[in-house]
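> Supplied in structure tokens, the structure appears directly below.
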Amino acid sequence: MPEFDTSLPSIRLLQALIKDKQEVEIKLVTDDLLVGKIFWQDLECICILDHYDQKTVIWRQAIVFMKPKA
């Protein structure tokens, strides 16, 4: 089983976004745009918490891009 490599810049950025509770925009391959705070991440998925405190689990392969919300 692969290890969760915290030396990777992408993993470190996501960990910082989780720690800072920074809101992000996530564009999906379906053209949906999700907005929320990253609640957790693992090797396969990212979970975001939206404005209604609803959790959404997103498979990493479904993500086109993710950026901090300005």
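> So if each residue of separation counts as 0.36 nm, and I subtract the Cα-Cα distance between LYS69 and ASP53, what length gain in nm does that give?
Details: separation 16, 0.36 × 16 = 5.76 nm, distance 1.73 nm.
In short, 4.0 nm is gained.
> How about the stretch 1-48: which GluC sites (Glu not before Pro) there are in a DSSP loop, with at most 11 other Cβ atoms within 10 Å of their Cβ?
GLU3, GLU44
> Nothing charged except the Cβ atoms of Lys and Arg (+1) and of Asp and Glu (-1): what's the magnitude of the dipole of the stretch 6-70 about its Cα centre? Round to the nearest 20 debye.
240
> Under a cut-off of 19 Å between alpha-carbon atoms, report the lysines in cross-link reach of LYS19, not counting same-chain residues fewer than 8 places apart.
Output for LYS19: LYS37, LYS55, LYS67, LYS69.
> Still on this structure, please answer the following. What trypsin sites (Lys or Arg not before Pro) does the stretch 27-70 have in DSSP loop regions with at most 14 other beta carbons within 10 Å?
Counting only loop positions with at most 14 other Cβ atoms within 10 Å, the trypsin sites (Lys or Arg not before Pro) in the stretch 27-70 are LYS69.
> Something else now. Using only the alpha-carbon atoms, how far is helix 9-20 inclined from the longest principal axis of the chain? Give it as 0 to 90 degrees, nearest 10.
Tilt of helix 9-20: around 50 degrees.
> Then there's this: Using Cα-Cα distances under 8 Å and only pairs 6 or more residues apart, what relative contact order does the chain have, in percent? Let's see the in-between values first.
Numbers: 108 pairs, mean separation 20.0, N = 70.
Over the chain, the number comes to 29 percent.
> If you don't mind, another one. Can you give the percent of C-alpha pairs in the chain whose distance is more than 15 Å?
Cα-Cα pairs of the chain separated by over 15 Å account for 51 percent.
None of the figures in this text is laboratory data; all of them are computed from the coordinates on show. This structure is a prediction, so every number in the text was calculated from the model and none was measured. Every residue, glycine as well, gets a Cβ built from its backbone with ideal geometry; the counts of neighbours run over all protein chains shown.
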